[in-house]
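Each remark here refers to the structure printed beneath this line.
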Amino acid sequence: MADTLSFLSGFNPAFALIVGGLITLALPNHAARKAIMIAAPILGLVAWFAVSEPGIYGLVELGPLTLETFRFDNLSRVWALVFLIASFLNGIYSIHDRSRWSDAASLVYAGSAVGAVFAGDLITLFFFWELTALASAPLIFAVGGAVSRRAGLRYLALQVLSGVLLLGGAALWYGQTGSWSFGGLGETSVFDLSGPAGWMLLAGIGIKAAFPLMHMWLPDAYPKASAFGAVVLSAFTTKMAIYALARGFAGEEILITIGLVMAVFPVFYAIVSNDLRQTLAYALINQLGFMTVAVGVGSELALNGAAANAFVGVLYMALFFMVMGAVLKRTGTVKATELGGLFKSMPISGLFAVIAGASVIGVPLFSGFVAKTLILSAVHYEHLTIAYFVLIFASAGVMELTALKVPYFAFFGEDRGHRVAEASTGQLVAMGITAFLCLYVGVNYQALYDLLPFATDYKPYKLESVVGQLQIVGAGLLAFALLLWMKLFPLKADRTVIDADWIYRYFGDAVARWGTAMARIVVQWSEGLLGAGFQGLGRKLHNLFSPGGTLSRDFPSGLMALWTAILLAGVLLVAYFSPA
C-alpha cells in the first residue's frame, strides 16, 4: 500500500486536519462542512499509511534553527493513528451538529494533537501544544451562558500555562544542552530531573496529563462542553500528554507515585458525582494514572502498555462520551438522579454503553483487557508489589463503579419516564464503528500489538490473567451491588463536588477579596497622608509666589548684591573644579 500511496509519502497528516478545519470555518454550507470533516481525517489516514518506514520527513530551516515537523517512528505512529481515527469518528458523530465553530475547532484541535506527536523538536512541540489549547476552548464556549464561559476561561488559562511552562523548560534545556531536540527516532527518556529544566518540562506536561492538583480543569470543563465537544475533548489533550511523558520521562520513578495517586483518588469522586459526564471525566483521570505508572516503570513492556491503553482508551472513553452526548441531546440532562429506564427508548445506545463499560472494566474479549494486562504484567515483572495491588484496587474501584454506574443509572435504573427518540443516525453510526473497534481489538489483539513501539510476543489470554481479571470484575460488581443495597446510590440530590480547584476558586477568591480590601484601606490612608502633605506644600508655595508672598516683596539693594556675589562665587567654584 505504501508504494501505491508514495505520492503522499512525507505529507504530514496533521496539516490535512488543520487546513481542513480552516476551510470548514469559511464554509457557510452545512453539508460541505460535514464532508470536509470526514474527508480531512481520511486524507490524514491515507498519508499515515503512505509512510513506508520510520524517518524524519518534515524539515524547516529557520536560520540557525532546524524544525522537525514530521518525525514518524514506532512511538509516534500509534498515537497519531488513533488520533486520526478519533477525528474521523468525530466527523460522523457531528453530522447533525450545526455549529461552524465546533466543526472547525474539532479538526484544528485534532490536527494539533497529531502535529504534537510528530514533533521532533521542542519549538515545534510548543507550537502544536499551544494550538491544542486555543483550538479546544471553543468546544466549551459553544454551549453559551455564564457557566460554560467561566469554565472555558479556567480551562484555557491552565492550558496556556502548560504551554508557558513547556516553553520555559525548553529554553532552560537548550541553555543546559545547546539543543532543542525532542529526542531522536525511537528515543525515549530524553529529559531528566537533575535540574530546573526537567522539572519545568514535567510540570508543563503534567497539567495536560491531569496530574494531582493540576487535574481540576478536566472534571470542571468536560461536563460543561457541548454534547459533541465533550466527545472531542476526551480524545486528544490528555493522551498527547502521555505521549510526551513516554518520549521525555520514561523510567522516572516519581511518575509511579504520581500515577498511583491518579489511579486511586477518582474512585471517591466517581461515587459521589451526580453528573454522569463528570463521572466519566474522573474515570478518564484514573485511566491516565495507569498510563503514567507504566511510563514511570519505563520497561519496553510497560511503554507498550502505556501506548496500548492510550489507543484503546481514546476509543472506549469516546464511546462513553458519545452515548452520554446522545442522552443529553434527547433528555436535556445527564444527572443520575434524573435519568433511568432509557433502555426502553434508546436500546441501541444502551447496548453501546454496555460495550463501553465492558471495555473500561477490561472484561476478556474487550479492548480494555488486552491493554490493561500489559501494564499490570509490567508492574508485576518489576516486583513493584505495592504498586500492583494499588492498581488492582483502582481497577475494582473507579473502573467498575464508572462502567456500571453510568449505564445503570442512565438506561437500567429506576424509570424516570423519559420517552424520547433513539440517537440520531450519525451518532449511531459513529458509536457503532467505535463499539466494533472495542470488540475487534479485544479479539484480534495482535493487530494492536503490531502497532506498539516495541516488538512483543505477549499473550494476554493466559489462564491466570483471565481468572485474575474476572476476579477484579467480580469485586467491582460486588462493591456496586453493596452501594445500591445500602442506598448510597443514587444521590438524593445534586451537589457540588469540591475538588482541588477549591484552592483557587474559593480560598484563592477569599484571599483576593481580603487583599483587595486591604489595598483599598492602604490607598485611602495614602491618599489622606499625601493630601495633607500637598495641602501644606500648596500653602507654602502660595506664601512664596502669590502677589502678597515673599518673592513679591521689595528687597534692599545691599541684600540683593550679597546674594548675587554668593551665587557668582558658587558658579566659579564649580567651573574651577570641573574636569577639562
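Each reported figure results from applying straightforward, stated rules to the coordinates on display, with no laboratory input. These numbers come from a predicted model, not from an experiment. Quick reminder, even Gly has a Cβ in these numbers, built from the backbone with ideal geometry, and neighbours come from all protein chains shown.
Odds and ends about this structure:
- Restricting the calculation to alpha carbons of the stretch 124-265 gives Rg and Dmax of 15.6, 48 angstrom.
- Applying the Kirkwood pairwise sum to the alpha-carbon positions of the stretch 45-120 produces a hydrodynamic radius of 13.7 angstrom.
- All C-alpha pair distances within the stretch 257-334, sorted into 10 Å bins from zero, spread as 20, 41, 28, 10, 2 percent across the bins.
- Whether the stretch 77-155 is rounded, prolate or oblate, judged on the alpha carbon gyration tensor where a/c under 1.5 counts as rounded: oblate
- Semi-axes of the equivalent ellipsoid for the chain, Cα gyration tensor, largest first, Å: 56, 31, 25
- The stretch 358-402 and the stretch 98-117 have Cα centres spaced 32 Å apart.
- Cα centroid separation, the stretch 217-258 to the stretch 65-97: 15 Å.
- Computed magnitude of the charge dipole of the stretch 1-226 (debye, nearest 20; Cβ of K, R +1, Cβ of D, E -1): 1000
- Prolate/oblate/rounded label for the stretch 1-226 (Cα gyration tensor, a/c 1.5): oblate
- Lysines with Cα under 19 Å of Lys462, excluding same-chain neighbours fewer than 8 positions away: Lys372
- Distance from the alpha carbon centroid of the stretch 124-159 to that of the stretch 439-477 works out to 36 angstrom.
- Percent RCO, i.e. relative contact order, over the chain, from Cα pairs under 8 Å lying at least 6 residues apart: 12
- Prolate/oblate/rounded call for the stretch 366-476, Cα gyration tensor, a/c under 1.5 rounded: oblate
- Note on Lys487: lysines with a C-alpha under 22 Å away, same-chain residues under 8 apart excluded, are Lys335, Lys405.
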